[in-house]
Amino acid sequence: MGVAVVGLGNLSLTQILPGFGEAKHVKVTALVSGEREKGQAIASQYGVPEKNIYDYKNYDQLKDNPEVDFVYIVLPNSLHAEYTVRAAKAGKHVLCEKPMATSVKDAETMVSECQRAGKKLMIAYRMLYNSAHIEAIRMVREKQFGEVRFINAVNGQNDAPSGQWRQIKALAGGGSLPDVGIYFVNAFRYLTGEEPIEVTGQMTQPKNDPRFREIEDVSTFTLRFPSGVFATGSAGYSYHENRHLRIMAPDAWFGLDPAFSYDNLTMQIGRKAGKANSMEERRFSPKNQFAVEMDHFSERIRAGKEARTPGSEGVQDHRVLDAIYHAAAAGGVVKLPAVSQLDSTRGPAVEEEKSGSNGFPSGT
Ligand code: NDP
C-alpha cells in the first residue's frame with residue numbers, strides 16, 4: 001500500500017522513513033511538508049516523485065492521488081485531529097501518531113469522522129506490535145507467575161531543547177504525561193485488558209525552568225483496576241533517560257528494561273531459587289517497530305478489520321489522562337465508569353509469525 005508521511009520532523013526522518021526499508025507491505029509514495037526544499041530532498045532520497053510532494057494547504061488534493069492508500073500523521077499533537085479528519089474526507093485511511101489528540105472531544109471527533117467516511121483509523125502505539133510486550137501480555141493473562149498484584153513503570157527523558165512545541169500547551173496538550181506517560185497508561189491497560197476505575201495524580205512544574213512555563217515536568221499517578229491490580233507510573237522531562245516496566249506477581253516479578261525504547265528491549269524475570277533469588281534475562285529479535293505497525297495497518301485495511309489499536313484505544317487513553325489531570329488539580333481520587341469486558345477498545349490481537357524476526361525470545 002502507498003503511504004503519505006505527513007510532517008517531516010525528527011520521528012519521520014530518523015525512524016519512520018528508514019522503517020519503510022524493512023516493511024513488507026507498504027511503501028512511501030507521498031510526502032507532506034511545510035518546507036518545500038526539505039520535501040524535495042527527502043523525496044529524492046526515498047524515490048518519491050516530485051508530483052507527490054504536498055504542503056498543508058493542498059493536502060486535501062490527496063483525494064485525487066490513487067498512489068496513496070493511507071496517511072501517516074507525524075505532526076505536533078494538536079494538529080492530529082484536523083489532519084485526520086481532512087484525510088478521511090479525502091478518502092484516505094489514517095495512521096496517527098500518539099497521543100492521538102489533545103482532548104477527549106477531538107479524539108472522539110477523529111473516530112466519528114473516519115467512521116462517517118468509511119475509513120480505518122489506527123493509533124501508532126508501537127509497543128502493542130512489539131514481541132517483548134506481546135510476550136509480557138501473554139505472561140500476565142496466562143498468570144504464569146500467579147495473579148498480578150502490582151505494576152510499576154517509569155518513562156522519562158531530559159533532552160528536549162527549550163522552546164520546542166512540546167513545551168507549548170496549545171500544540172502539545174500537556175507535558176510529560178501525554179507525551180511519554182501515555183506509553184504506560186496504555187501498557188497498564190493492555191497488560192491487564194481492564195479499564196481503571198479509580199485514578200489519583202500529582203505533578204511538578206518547576207517555576208525556575210523555562211521549559212515548564214506551560215506544561216508539567218514530572219507526573220506521577222496511580223490506577224486501580226476492577227480485579228484489584230494496582231499500577232503506578234511516573235513520566236518526566238527533567239531526569240536522565242529511564243524507561244522501565246515491572247510487573248509483580250506472587251511467584252516472580254518480571255518486566256522490561258528498557259521497555260519503551262525503539263531497540264534492545266530486554267525482559268528480566270526475578271524469582272526464588274532455593275534460598276536465593278535468581279534473575280533471568282531474555283532478549284528479543286530486533287525488528288523495526290514502525291515497519292511492523294505500518295505492515296499491520298495495511299493488512300487490516302486489506303482484510304476490512306480493525307487494527308489492534310484503533311481510534312477507540314486512543315480515546316480511552318485520553319479519558320484516563322483527563323482523569324489524572326483532574327486528580328492532580330483537585331487532589332483525591334477520580335472515579336471512572338467500570339467496564340466489564342476485557343480489551344473493549346482494541347481490535348483483534350496481532351498474529352505472531354511462527355518463527356524468526358517478529359516473534360519469540362531469541363534466548364535467555
Ligand atoms: P518534530 O518537531 O521533530 O516534527 C514535527 C513536524 O511537524 C515538523 O518538522 C514539521 O514538519 C511539522 N509541523 C507542522 N506544523 C508544525 C508546527 N506548528 N510546529 C512544529 N512542527 C510543525 O516532532 P516529532 O517528530 O518528535 O513528533 C511528531 C509526532 O510524533 C508527535 O505527535 C509525537 O508525539 C509523535 N512521536 C511518537 C514517537 C513514537 O515513538 N511513537 C516518538 C516521537 C514522536 P515539516 O517541516 O515537514 O512541515
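List of remarks:
- Crossing angle, helix 80-89 versus the chain [Cα axis fit, 0-90 degrees, rounded to tens]: 50
- Once C-alpha pairs closer than 8 Å and six or more residues apart are averaged by separation and normalised to the residue number of the chain, the relative contact order reads 18 percent.
- His240 accessible area, assembled protein chains, probe 1.4 Å, Å²: 150
- Per residue, the chain exposes an accessible area of 43 Å² to a 1.4 Å probe, with every protein chain left in place.
- Shown for the chain: the carbon plus sulfur share of the solvent-accessible area, taken with all protein chains present and a 1.4 angstrom probe, equals 49%.
- Violating pairs (Cα-Cα greater than 24 angstrom) within the set Lys89/Lys305; Lys24/Lys120; Lys38/Lys119; Lys27/Lys287: Lys38/Lys119
- Isotropic mean projected area of the C-alpha convex hull, segment 2-124 (nm²): 6.8
- Computed from the C-beta positions of Arg283 and Asp159 and an R0 of 25 Å, the FRET efficiency is 0.50 to the nearest 0.05.
- Cβ-defined net charge surrounding Ala338, 12 Å radius [Lys, Arg +1; Asp, Glu -1]: -1
- 21 Å Cα-Cα reach of Lys143 towards lysines, excluding residues that sit fewer than 8 places from it in its own chain: Lys272
- About the Cα centre, charge dipole magnitude for segment 2-124 (Lys/Arg +1, Asp/Glu -1 at Cβ), debye: 240
- The average projected area of the chain, computed from the convex hull of its Cα atoms over all directions, is 18.6 nm².
- Where labels lie 7 Å past Cα in the beta-carbon direction, separation of Asp251 and Arg116 in nm: 5.3
- Gap separating the Cα centres of segment 115-174 and segment 213-278, nearest whole Å: 13
- Inter-label distance, nm, simple model (7 Å from Cα along the C-beta direction), Asn264/Leu13: 2.4
- Helix-only CD estimate at 222 nm, as mean residue ellipticity for the chain, using -39500 (n - 2.57) per DSSP H run (n ≥ 4): -8000 deg cm²/dmol
- Straight Cα distances below 17 angstrom link Lys207 to the aspartates and glutamates Glu216, Asp217, with same-chain residues fewer than 8 positions distant left out.
- Protein-only accessible surface at a 1.4 angstrom probe places the residues Thr29, Thr14 in the order Thr14, Thr29, largest first.
- Charging the Cβ of each Asp and Glu at -1 and of each Lys and Arg at +1, and nothing else, the dipole of the chain about its Cα centre rounds to 360 debye.
- Accessible surface for Arg138 stands near 80 Å², nearest 10, in the context of the full protein assembly shown (1.4 Å probe).
- Measuring with a 1.4 angstrom probe and ignoring ligands and nucleic acids, Ile168 comes out at about 60 Å² accessible.
- For the chain, a Gaussian network of Cα nodes joined below 10 Å ranks Tyr54, Tyr239, Tyr183 by mean-square fluctuation, and the top entry is Tyr239.
- GNM top mover of Ala136, Ala276, Ala291 - the chain, alpha-carbon springs below 10 Å: Ala276
- Partner lysines for Lys105 [C-alpha distance under 18 Å; skip if fewer than 8 residues away on the same chain]: Lys169
- Taking Met267, Met203 and ordering them by how much accessible surface each has at a 1.4 Å probe, largest first, produces Met203, Met267.
- Candidates Gly270, Gly181, Gly19, ranked by Gaussian network fluctuation over the chain, Cα under 10 Å, top entry: Gly270
- Relative contact order (percent, whole number), segment 2-124, Cα cutoff 8 Å, 6+ residue spacing: 23
- Ordered from largest to smallest accessible area (heavy atoms of protein chains, 1.4 Å probe), the residues Glu281, Glu299, Glu293 come out as Glu299, Glu281, Glu293.
The values are calculated or read from the model by the stated rules, or taken from the named source; none is laboratory data. Fair warning: this is a prediction, and the values are worked out from it, not measured in the lab. A quick note on method: Cβ atoms are made from the backbone with ideal geometry, for glycine too, and the neighbour counts reach across all protein chains shown. The area values use the complete protein model at the heavy-atom level, side chains included, leaving out ligands, DNA and RNA. Shrake-Rupley method; radii C 1.70, N 1.55, O 1.52, S 1.80 Å.
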